[in-house]
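**Q** Quick one: structure below, then a few questions.
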């Protein structure tokens with residue numbers, strides 16, 4: 001290990017809250033060290049993580065989750081994932097339960113975790129040794145089509161929203177998980193989707209383009225006044241998954257002064273698209289290197305998808321983040337580069353987007 005392991009980390013996406021408000025999944029506390037999952041507070045501290053976007057996502061009510069001990073779900077098999085639309089009432093119920101649990105965890109942390117709604121709050125928490133959590137919706141199904149409840153969610157702390165998950169909703173269309181495939185999988189944003197983009201710009205809510213199809217991406221690019229962001233996506237040239245970004249999309253993100261959080265999901269990293277966790281760090285590093293070389297190191301960051309994806313065994317969980325930082329350093333990234341990738345780029349983009 002080098003001294004680079006001391007670099008602090010802000011992660012652009014995790015699904016760790018799922019384990020606290022989804023009864024079908026094994027329940028665990030995020031405040032107690034565990035061998036299960038990827039993030040809890042003690043392991044975050046071990047890995048140098050001082051903050052991140054904590055997602056609330058809505059599973060389909062008929063979703064059958066695989067047994068976490070079943071290793072038979074390998075390669076490109078995503079047939080168990082339901083991508084059918086969900087009803088707004090179901091989405092609101094799940095989302096409201098997730099917000100209650102999110103705030104309950106913070107209250108029970110004894111000051112070791114804090115909700116953050118501005119960059120200033122994130123950096124203040126870091127100075128105090130507190131893990132900051134930015135509330136993110138992974139899919140906008142809980143938001144009314146006429147946006148009536150968006151202001152209420154903003155008051156509750158919402159500061160980042162993905163227009164879609166990988167399914168259709170009233171705002172737009174998500175990509176599927178088929179491999180190989182193009183992100184050009186359907187029509188663009190609806191009228192409601194375009195209104196949502198403009199209202200999020202006005203309020204200071206970051207828009208996440210991960211999971212959005214290509215036509216929707218270009219609609220946001222034309223409408224939004226904020227930097228373009230994909231919180232947890234990878235490079236389509238290196239792994240031709242519909243979830244990944246084309247070169248043209250990467251160029252647009254750079255032109256907007258935005259950022260791509262690299263997803264640690266092995267199926268979005270590997271050239272063969274397989275869900276094989278015996279994936280070397282070099283495969284992941286290649287995505288960072290490609291984006292840095294094509295559009296600049298200012299536009300690439302961490303977007304792990306911890307607790308929402310199969311990640312390389314060599315990382316294991318959030319405590320393994322220093323291993324990735326060392327691998328990036330070995331590939332030639334300087335200390336200044338790594339500070340940008342690990343946290344600085346997220347602070348810039350959030351600072352340009354969130355209202356003080």
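**Q** What is the Å³ per residue value for the convex hull set by the Cα atoms of region 185-311?
**A** Each residue corresponds to 101 Å³ of Cα convex hull volume.
**Q** Using a Gaussian network model of the chain with C-alpha springs under 10 Å, which one of 209, 338, 163 is most mobile by mean-square fluctuation?
**A** Among 209, 338, 163, the largest mean-square fluctuation in the Gaussian network model of the chain belongs to 338.
**Q** Tell me the mean residue ellipticity at 222 nm calculated for the chain from its helices only (DSSP H runs of n ≥ 4, each -39500 (n - 2.57), averaged over every residue, nearest 500).
**A** Rounded to the nearest 500, the figure is -10000 deg cm²/dmol.
**Q** Hey, how many Å between the Cα centroid of region 295-322 and the Cα centroid of region 129-148?
**A** 21
**Q** Over the alpha-carbon set of region 263-312, work out the extent along each principal axis and list the three values in angstrom, largest first.
**A** 29, 21, 14
**Q** Which percent, to the nearest 5, of DSSP beta bridges fully inside the chain are antiparallel?
**A** Percent antiparallel among DSSP bridges in the chain is about 5.
**Q** Can you put 214, 339, 101 in order of Cβ neighbours within 10 angstrom, beginning with the fewest?
**A** Result, fewest neighbours first: 339, 101, 214.
**Q** List 103, 355, 340 from most exposed to least, where exposure is judged by having the fewest other Cβ atoms within 10 Å.
**A** 355, 103, 340
**Q** GNM on the chain, C-alpha springs below 10 Å: top fluctuator among 90, 173, 299?
**A** Looking only at 90, 173, 299, the biggest GNM fluctuation is shown by 90.
**Q** Given (1) 18.3, 52; (2) 20.6, 61; (3) 22.3, 75 as candidate values of Rg and Dmax of the Cα atoms in Å, which corresponds to the one derived from the coordinates?
**A** (1)
**Q** Okay, moving on. Assign one of three labels to region 237-320, namely rounded, prolate or oblate, based on the Cα gyration tensor with a ≥ b ≥ c the square roots of its eigenvalues; rounded applies when a/c is under 1.5, prolate when it is not and a/b is larger than b/c, and oblate otherwise.
**A** Verdict is prolate for region 237-320.
**Q** Out of 268, 177, 302, any idea which swings most in a Gaussian network model of the chain, alpha carbons joined below 10 Å?
**A** So, out of 268, 177, 302, the one fluctuating most is 177.
Any read-out appearing in this document is the output of simple, stated calculations on the displayed coordinates, not a laboratory observation. Owing to the predicted nature of the structure, the values given are computational and were not obtained by experimental measurement. Cβ sites come from the backbone with ideal geometry, for glycine too, and all protein chains shown count toward neighbours.
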